[in-house]
Amino acid sequence: MDAEAILASRRSLPRPPPAHTRKMEAEGGCGVIGMASSAEIEGRHLLPALQQMRNRGNGKGGGVAAAGLDPDFFGVRPDVLAEDYLLAIAFLDPAARPEVERSFLEPNFAVDRDAELARAPGARSAFGLEVEPPAVHCYFARVRPDVLRDFARRYGFSEESAAADEIVYQTSYRLDRALYAAAGEKRAFVLSRGKDLLVVKMVGYGDDVVRTYGLEGLRAHVWIGHHRYPTKGRVWHPGGAHPFVGLHEALVHNGDFANYTSLCSWLGQRNVHPLFLTDTEVAALAFDLLHRVYGYPLEYVIEALAPTTERDFALLPPTKRRVYRMLRAVHVHGSPDGPWFFLLAQSDPRSRECRLVGITDTSMLRPQVFAIQRGDAAVGLAASEKQAIDASLESLSEADGRFWSRADLYWSARGGSHTDGGAFAFTVRRGGEAEPELVCTDKFGRRIEPDPSKRPPPTLAPARRGGEGARLLGGGEGAEELFAHVVAQLPTFGYAQLSEILGELERAAWDDAARERAIAIVTLLMDRRYATGALKRSAILTLLDRSLAVLVDAIRRSPSPRYAWVGCEEPLPDARGATAVVDARGFASEGPRSLSRALVTLHRRGCRRFLVANVRGQRFIGCGLGPGSAGTHIDVYGIAGDYLGSGIDGCDIVVHGSAQDQVAQILKDGKLVVHGDVGQTFLYAAKGGQVFVVGNAAGRPLINAVGRPRAVINGTCLDYLAESFMAGDPLQGGGFAIVNGVAFDEDGGLADLDNPYPGGNLFSLASGGAIYMRDPRRRVGEDQLNGGEIVPLGDDDWKLIRPYLEENERLFGIPLARLLSIDGRALAPGAAYRKIRPSAHGALLPEEAWVNREDTQPRAAASNP
């Protein structure tokens, strides 16, 4: 290995100026999005995700990176793109270009192509940019043979490729040190310097970058995008924007480091000197040091950055524990400390692979979602929010029939864990005669794959009329009966036959009764789990989304006393006594023109039933209705944004799909039903209400909850469930959570998870309430607790939770009898469920007896409109 040669060769590099003037910027939640595909994807498919996450930015910094590039965009041959370094340089001062070429490029490189990225005319005024976007030149260059030979001989390199990489690294460092990163004027800086990798960034939002430099048409296998500036360090414009580069990788991140200074010292001991005084740059340099310089495999790089901790470390195989201990001993001071989530776009010049890598910190303090869809082409995605993933998928599906608008799988990573390592890589394998292939693996190299028995749709055409649809729907049965008929036939159907059924539903919905029936059938098909034969559930959901949009549009064209249509362009109608059918498209994510404000206004005018369709990441749905919201019902369809149902006090909300982060925070009263997963900090500081979730909760659900919140989670939680729970005694009217530890497969079958709760910090520091854990195999242990104790389920406990499990069966079709069984064998309640309570249960304070003992039975949900 040439690690010693690389580090020794850097001793002559000029040091950066002292960092005592470093300005500490406000912490915040950045917006990040990444895509990797076996097919080349145009940059315009980043735009919907970035536009929907603009509330995560501030216009002070945005950027994108692409790997696995289309050579035609730059006017170069494929072999030039593969063999040359792409030095992308931003010129703030056009007069600096001759100096850069004369002093830095010409002495070291033979330049095969210089391509300037064309800027949109008048971009600064058109996009409202604070700073003029710099000119960006892309130099396709090779290290001069004599320079390479002399450098390799002087420092003892064994591989010419390693020496060439280091010449590029050091030349770009010297350029930045001389023309940008030093104190004084900022004239030019290096955007990216690797092979088959491009970075472009500026002062603005990420979507501004794509439009300013005409990257909508650039095709690449891997993309990442970012809003907002770094949260540590002096914000230099535009060099302070993400992404930052090591060499062959670009990194963006959401979060900030508490140990920025010590990380800089750790790097400095290895002759690595950050120039831009930002934590994100430090992360990119650390990744490059570990991966390129030290030659660690990706697994070891991830472990060095985000070490496996506590109980998870003990559950690793002995061989991994030995290696990880050595990594920790050497690199513990190089591990970022604090909340962070990294996305990297990486090019591997040797294998010609390119990849998207997502890594989360060990405490999972920043939101992250991963997804994969596999058809004739495959795509993997990662983002701050699920709604950003779905926005990009929707854009792809509209442009390319090989994609559709729902992923096959969605999941979150468990940072620092023995289960997935808190990281996933989407690798595009290229080369030879074979078509590019996308492979998704976790930190440990285990593949993540959708059900291979499911057939992707050839193309999802609009719903057709007649045929199978007319035959099945001609009898006039009710919604439940028709749903049962369709589900019984579906395993033998193709996509065309399902499309015919939906088309017939749409055609028949010409009056209110037919509309109600059609919406109810589509809703049942969305919500319930059932056998799909050879069809993918994700593709079925895409067809259902389209069918619901058609039904909503029919109400727009012909509203009635029962259904009042609400759009973003028209004045809000008087919907008192009617169901307000709200087309969410066009409403802002938050603020005065937001969807949530419109719902509040309609509610104040007397509307009590809402069907909110075509949601595209809007936040705060259901918030602000006030204490007089009992009897109000809201159905939500589409891609719900953060903070849904937070602070509600009496209303019912049904989410026909997954929800995101901060769901039902400070919930006081009411009922929330989620036909999917929920994200981070679910039910934070909740005081009451009832919540039913068919899937999983991500990290930190029910933290700091008090009073009497009751939640049923049918899947599992990543970590920190009910930390600091203060919800009294459930047998005296207090709060609790039920965790069932089950999941549906793609054919509607219900399976037990390997572990109903895989993490630690379960019920940590709780002083009240209880967790009722379905754990027939007794997988959950005392070592996962911190201040709690596991006790047998009592008769009174079963009487308390049984009505909630019966309501859970009614809502989701999860039979109580199935929960009271294992491997087909029936169990007594005490054999299936265990109770976790505070270990100081007998010492509850007298004042905790205030908990209201009324309204302790599960509420029946209002029927769908």
Notebook entry, point to check: Does R15 count as of a type outside the set (A, V, I, L, M, F, W, C), more than 35 Å from the chain's Cα centre (by Cα), open to solvent by 10 Å² or more (accessible area, probe 1.4 Å) and at pLDDT below 85?
Noted result: yes
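Each row is one residue, and each column tells you yes or no for (1) among the β-branched types (V, I, T); (2) open to solvent by 30 Å² or more (accessible area, probe 1.4 Å); (3) in a loop (DSSP other than H, G, I, E, B); (4) under 25 Å from A698 (Cα atoms).
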| residue | (1), (2), (3), (4) |
| --- | --- |
| Y296 | no, yes, yes, no |
| D312 | no, no, no, yes |
| V332 | yes, yes, no, no |
| G338 | no, no, yes, yes |
| I359 | yes, no, no, yes |
| L365 | no, yes, yes, yes |
| I372 | yes, no, no, yes |
Note to self: Give all pairs with beta carbons closer than 7 Å in which a residue from the range 256-282 that is of a type in the set (F, W, Y) meets a residue that is open to solvent by less than 10 Å² (accessible area, probe 1.4 Å) and in a loop (DSSP other than H, G, I, E, B); count only pairs at least 6 apart in sequence or on separate chains.
What the structure shows: F276/A181; F276/G233; F276/G239; F276/G240
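Against the condition open to solvent by 10 Å² or more (accessible area, probe 1.4 Å), part of a loop (DSSP other than H, G, I, E, B) and at pLDDT 95 or above, how does P94 come out, does it pass?
So P94 fails the test.
Okay, residues lined up against (1) within 12 Å of the chain's Cα centre (by Cα); (2) surrounded by fewer than 24 Cβ atoms within 10 Å (Cβ to Cβ); (3) polar (S, T, N, Q):
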| position | (1), (2), (3) |
| --- | --- |
| Q387 | yes, no, yes |
| W404 | no, no, no |
| D408 | no, yes, no |
| W411 | yes, yes, no |
| A434 | no, yes, no |
| V439 | no, yes, no |
| F444 | no, yes, no |
| I448 | no, yes, no |
Next item on the list: For the range 144-163, indicate whether the set of residues that are within 20 Å of P243 (Cβ to Cβ) and touching a helix residue (DSSP H, G or I) at 6+ places or on another chain (Cβ under 7 Å) is non-empty.
Entry: no
Notebook entry, point to check: Considering only the range 624-650, how many residues are under 15 Å from F682 (Cα atoms) and among the hydrophobic types (A, V, I, L, M, F, W, C)?
Noted result: 3
Item checked: Single residue of G577, G591 found to be under 30 Å from G57 (Cα atoms) and either touching a residue at least 12 places away in the same chain (Cβ under 8 Å) or not polar (S, T, N, Q) (or both) -> G591
Next item on the list: Just give me the residues in the range 374-385 being open to solvent by 10 Å² or more (accessible area, probe 1.4 Å) and among the charged types (D, E, K, R), in sequence order.
Entry: R374, D376
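This table checks each residue for (1) part of a loop (DSSP other than H, G, I, E, B); (2) under 30 Å from R54 (Cα atoms).
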| residue | (1), (2) |
| --- | --- |
| T523 | no, no |
| M526 | no, yes |
| S560 | yes, no |
| P571 | yes, yes |
| P592 | yes, yes |
| L602 | no, yes |
| F610 | no, yes |
Next item on the list: Please enumerate the residues belonging to the range 652-675 that are in a loop (DSSP other than H, G, I, E, B), over 20 Å from W411 (Cα atoms) and open to solvent by 10 Å² or more (accessible area, probe 1.4 Å).
Entry: Q665, I666, K668
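Condition check ((1) in contact with a Leu (Cβ under 6 Å, 6 or more places away or on another chain); (2) of a type in the set (D, E); (3) at pLDDT 95 or above) across all residues:
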residue	(1), (2), (3)
L811	no, no, yes
I814	no, no, yes
L820	yes, no, yes
G824	no, no, no
S839	no, no, no
L844	no, no, no
A862	no, no, no
Notebook entry, point to check: Out of all the residues in the range 97-117, which are outside any helix (DSSP H, G or I) and in contact (Cβ under 8 Å) with a residue 24 or more places away in the chain?
Noted result: P107, N108, F109, A110, V111, D112, R113, D114, A115, L117
Check: Can we say R609 is at pLDDT below 95 and charged (D, E, K, R)?
Finding: no
Next item on the list: Hey, can you tell me all the residues within the range 738-773 that are touching a strand residue (DSSP E or B) at 6+ places or on another chain (Cβ under 8 Å), crowded, with 20+ Cβ neighbours inside 10 Å and without any contact (Cβ under 8 Å) to a residue 60 or more places away in the chain?
Entry: V739, G741, P756, Y757
Checklist line | Residue that is surrounded by the fewest Cβ atoms within 10 Å (Cβ to Cβ), among those in the range 633-651 that are in contact with a Lys or Arg (Cβ under 7 Å, 6 or more places away or on another chain) and closer than 17 Å to H675 by Cβ | finding: H633
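For every residue, the table says whether it meets (1) basic (K, R); (2) closer than 27 Å to D361 by Cα.
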{"residue": "K687", "(1), (2)": "yes, no"}
{"residue": "N704", "(1), (2)": "no, yes"}
{"residue": "A727", "(1), (2)": "no, no"}
{"residue": "P730", "(1), (2)": "no, no"}
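Considering only the range 48-76, state which residues are in contact with a strand residue (DSSP E or B) (Cβ under 9 Å, 6 or more places away or on another chain), open to solvent by 10 Å² or more (accessible area, probe 1.4 Å) and at negative phi. So that I can check it myself, show each step before the final result.
Of all residues in the range 48-76, those in contact with a strand residue (DSSP E or B) (Cβ under 9 Å, 6 or more places away or on another chain) come to 48-50, 52-59, 61-70, 72-76.
The next check asks that each one be open to solvent by 10 Å² or more (accessible area, probe 1.4 Å); those that pass are 48, 52, 54-59, 70, 72-73, 75-76.
Once the filter is applied, which keeps residues that are in contact with a strand residue (DSSP E or B) (Cβ under 9 Å, 6 or more places away or on another chain), open to solvent by 10 Å² or more (accessible area, probe 1.4 Å) and at negative phi, the range 48-76 yields P48, Q52, R54, N55, R56, G57, N58, D70, D72, F73, V76.
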Next item on the list: Among what's in the range 699-709 and is on the phi < 0 side of the Ramachandran plot and open to solvent by less than 10 Å² (accessible area, probe 1.4 Å), pick the residue that is modelled with the lowest pLDDT.
Entry: G699
Item checked: Residues satisfying the stated conditions in the range 389-402, i.e. open to solvent by less than 10 Å² (accessible area, probe 1.4 Å) and more than 8 Å from the chain's Cα centre (by Cα) -> D390, A391, S392, L393, L396
Next item on the list: Return yes when G695 is within 21 Å of L750 (Cβ to Cβ) and touching an Asp or Glu at 6+ places or on another chain (Cβ under 8 Å) and no when it is not.
Entry: yes
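Yes/no matrix, rows are residues, columns are (1) among the aliphatic types (A, V, I, L, M); (2) open to solvent by 50 Å² or more (accessible area, probe 1.4 Å); (3) modelled with pLDDT under 95:
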| position | (1), (2), (3) |
| --- | --- |
| D512 | no, no, yes |
| R517 | no, yes, yes |
| V522 | yes, no, no |
| L525 | yes, no, no |
| Y530 | no, no, no |
| K536 | no, no, no |
| L541 | yes, no, no |
| P561 | no, yes, yes |
| P571 | no, yes, yes |
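The values are calculated or read from the model by the stated rules, or taken from the named source; none is laboratory data. Keep in mind that this is a model prediction, so the values were computed, not measured. Reconstructed Cβ throughout: ideal geometry from the backbone, glycine too, with neighbour counts over all protein chains shown. Protein only, heavy atoms only, side chains kept; ligands, DNA and RNA dropped before computing areas. Shrake-Rupley method; radii C 1.70, N 1.55, O 1.52, S 1.80 Å.
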